[in-house]
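Here the structure comes first, spelled out in structure tokens, and everything after it is commentary.
The values are calculated or read from the model by the stated rules, or taken from the named source; none is laboratory data. All of these numbers come straight from a predicted model, not from anything done at the bench. Neighbour counts are summed over all protein chains in view; Cβ atoms, including those assigned to glycine, are modelled from backbone coordinates with ideal geometry.
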Amino acid sequence: MPDAMLKTSLAGKIRHLRPFKTEALLPVFEAVVNSIQAIEEMGDVRQGVITVRIRRDMRQGNLAFNDEDSSLPNIIGFEIEDNGIGFNNDNYESFQTADSTYKIAKGGKGVGRFLWLKAFERVDITSIYLSPDGTLTGRNIEFTITDGIRELTSHPFNIDHANTIVRLTGFKEEYRKLPSAFKSSPKIAQRIFEHCLTRFISDRAPTIKIIDDWDGVLINLHDLYNKIKGHIVTEDFSVRDSSFTMYHIRLYETHEKAHQLVYCADGRDVKNRSIGSLLGTSVQFDDDGKKFFYSAYITSPFLDANVDEYRQEFNIPDKNNLYSSDEISMEQIEQEAVQRTRTHLAPVIESVEKQKAEKVSKFLQNQAPMLRSVVKYCPEAMKEIEVNTTEEKMTQTLYAYKGKAEYEIRKNSDKLLRTQAKSVEEIDVQYKELTEKLEDLQKDQLAGYVLFRKMIIDLLDKKLCLNSDRKYCNEDIVHDIVFPRKTDTDTIGYENHNLWLIDELLAFHSLAASDKRLCDITTSSSEERPDVVVFSEVGDDRMARAISLIEFKKPQRTNFDEDPTKQLFRYVREIRKNGVWLPNGRQVTVNDTTRFYCYAICDLTPQVKEFAENGNYAALQGELGYYTYNRNHNAHVELVAFDKIVLDAKQRHKAFFEKLGIGS
């Protein structure tokens, strides 16, 4: 047979085709739709049968099979068989004609067969059709880029009805490896089903079966349709003078993990638009325990008339401008569709919004009270939070919006200051709005700090208990919670120590050092290391008027070599005798008038109580510690139980915790 005239320009035609990387199975869709149209030409579409066979590289048959797509052998091609009218003379002539208008009444664009060779190496067609004289005739066609269309000698056949098989062979790697090519038969079947879904809804779909070479499992697309058809709701609307029909659909097994509008033309989907952000959520909705994604399939004669030749876009402007104000835009269609979608989904959206609100409220109350005002002043932040959003992601999102809110306050404050107002009344409303926002944000910061303190108190409380090994932690752990070792106030910030656990006044000091040798902070030669030394009152005359010494002992320690206060008094003598060096090299004077506050933090074991009794200490209120004053050292001394530190801290903060609703 002579070669067809397409041969000379075919390579260039295919090279210039627009890539379809987001829809790698588009050539398969084209073949399936061609089969549907061939069946329609036979008469009753419901009598038609299409079988799509997935051909795999069976040389990979030693791969272990499981549900993971990665374990499946590569797809090397597809075989699409139908009992439609076949490649009769008219259809074959159209097939040989570039940009044929033969199927224009059916929405055909005349380019579908070129898509086959964009993604596959070759196409082989075997067709048995009814000739004009009423006899069945066979036709074999080979279609490649190098040789174009070649009609081969027909072989004898032994069937008594029209039948066509299109074999797409040699799935090119650049398309085969794309996510949109999928790999498993259930995903491929679902995607073909969704592509042709409006045909099922309008009862214009033949029987379509998907069979996988690998396992032989058969999937009937009508079975997929039967699972969702009971939930499909049809709604009509108009944009200007054009009518549209939208189908509200719940997809329980879709592989498009998004809520979307699906714009269709000529019985197939063309363009998807994710609308999760417009609905306020992108997570699956719940239908009595069954999860689903929502899709609105939109059809219209207007869309049919304006789909481009590749069926991937519409020749419709995205938005109207001065030169297209009388035209329908995609934006107008979307606005109408989304409005109806929100109404249709109102109950499920309301349920999701309620879950989101409860989740965020609980998070703000228990984890991030410092961000409470963000939702009030930036409600749009809720659109970026889902019911399954992690706490880390919520924190990032809310902090980002907090920054925006603070920036807006500063910007508007500067603008207000530059306003040439003649009276206070002119700017009174703006002023009140700004101050209200500022006060709320400042309250949030305070709430955040209070929450931080609660976390520190809870951490200390936990560390005083037995660990998983049924042992008590070392004093170093408690030490680091209060003031990290080997540091001082010149090397860590105010927020990095927690001296307030011992005494609120200790948080306000001139200098503090933790686990530093006395010879490093005084002129003493002693290498002893006080746990924490705090210089609370150093005046301009560089005279230290109050110094605090804190010593930690291991929880539940029972074997003391000496009374802890003796250790503290040694430190007092060394510091009083030698004075203190500031980090800038200047000396701080310590004399007899300098008051010392000494804290030995430990559990009140029998041995510690004995030390207190021998030293004639007075019991503190609640009997969780002992107190004495040593005149010789001008030192106030406390033996304080760990429990008292925790209990006092909780009591001091109780009102704040209750106000924030974060417990005591």
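Look at segment 481-491 and say how many of its residues are part of a loop (DSSP other than H, G, I, E, B) and farther than 22 Å from Ala544 by Cα.
So in segment 481-491, the residues part of a loop (DSSP other than H, G, I, E, B) come out as 483-486, 489-491.
Going one step further and asking which of them are farther than 22 Å from Ala544 by Cα, we end up with 484-486.
Selection size over segment 481-491: 3.
Given the options Val375, Val338, Val348, name the one that is farther than 17 Å from Gly276 by Cα, surrounded by 14 or more Cβ atoms within 10 Å (Cβ to Cβ) and not basic (Lys, Arg). Spell out the reasoning first.
Numbers: Val338 fails: farther than 17 Å from Gly276 by Cα; Val348 fails: farther than 17 Å from Gly276 by Cα.
One residue alone meets the criteria, Val375.
Looking at the structure I just gave you, is Asn226 farther than 19 Å from Glu336 by Cα, of a type in the set (S, T, N, Q) and not assigned by TED's automatic domain parsing to the domain that holds Phe29?
Details: farther than 19 Å from Glu336 by Cα: yes; of a type in the set (S, T, N, Q): yes; not assigned by TED's automatic domain parsing to the domain that holds Phe29: yes.
When the stated conditions are applied, Asn226 passes them.
For every residue, the table says whether it meets (1) of a type in the set (Gly, Ala, Ser); (2) at pLDDT 95 or above.
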{"site": "Pro132", "(1), (2)": "no, no"}
{"site": "Gly138", "(1), (2)": "yes, no"}
{"site": "Asn158", "(1), (2)": "no, no"}
{"site": "Leu168", "(1), (2)": "no, yes"}
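Taking the condition exposed (fewer than 15 other Cβ atoms within 10 Å of the Cβ), touching a strand residue (DSSP E or B) at 6+ places or on another chain (Cβ under 8 Å) and either in a loop (DSSP other than H, G, I, E, B) or on the phi > 0 side of the Ramachandran plot (or both), does Asp160 pass?
It is true that Asp160 is exposed (fewer than 15 other Cβ atoms within 10 Å of the Cβ), touching a strand residue (DSSP E or B) at 6+ places or on another chain (Cβ under 8 Å) and either in a loop (DSSP other than H, G, I, E, B) or on the phi > 0 side of the Ramachandran plot (or both).
Would you point out the residue of segment 623-662, among those that are without any contact (Cβ under 8 Å) to a residue 24 or more places away in the chain and in a loop (DSSP other than H, G, I, E, B), that is nearest to Lys554 (Cα to Cα)?
The residue in question is Leu624.
Let's see how each residue does on (1) farther than 16 Å from Glu23 by Cα; (2) aromatic (Phe, Trp, Tyr):
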site	(1), (2)
Phe114	no, yes
Gly138	yes, no
Thr144	yes, no
Phe171	no, yes
Tyr175	no, yes
Ala189	no, no
Phe200	yes, yes
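Looking at segment 524-575 only, could you name the residues that are in contact with a His (Cβ under 9 Å, 6 or more places away or on another chain) and of a type in the set (D, E, K, R)?
Hits for segment 524-575 are Asp531, Glu537, Arg573.
Pick from segment 163-198 the residues that are assigned to a loop (DSSP other than H, G, I, E, B) and either among the hydroxyl-bearing types (Ser, Thr, Tyr) or in contact (Cβ under 8 Å) with a residue 60 or more places away in the chain (or both): which of them is surrounded by the most Cβ atoms within 10 Å (Cβ to Cβ)?
Once the filter is applied, the top-ranked residue is Cys196.
Is there a residue in segment 595-602 that is among the hydrophobic types (A, V, I, L, M, F, W, C) and closer than 13 Å to Asn634 by Cβ?
Yes, segment 595-602 has at least one match.
If you scan segment 558-599, which residues turn out to be part of a loop (DSSP other than H, G, I, E, B) and closer than 21 Å to Leu505 by Cβ?
Result: Leu582, Val590, Thr593, Thr594.
Quick one: which residue in Ala368, Ala405, Ala381 is modelled with pLDDT of 85 or more and surrounded by 14 or more Cβ atoms within 10 Å (Cβ to Cβ)?
Values: Ala368 fails: modelled with pLDDT of 85 or more; Ala405 fails: modelled with pLDDT of 85 or more.
Only one candidate passes the filter, namely Ala381.
How many residues does segment 360-402 contain that are part of a helix (DSSP H, G or I) and in contact with a helix residue (DSSP H, G or I) (Cβ under 9 Å, 6 or more places away or on another chain)? Step through it out loud before you land on a result.
Filtering segment 360-402 down to residues part of a helix (DSSP H, G or I) leaves 360-366, 369-377, 379-384, 391-402.
Those left that are additionally in contact with a helix residue (DSSP H, G or I) (Cβ under 9 Å, 6 or more places away or on another chain): 360-361, 363-366, 369-377, 380-384, 391, 393-395, 397-402.
Final tally of qualifying residues: 30.
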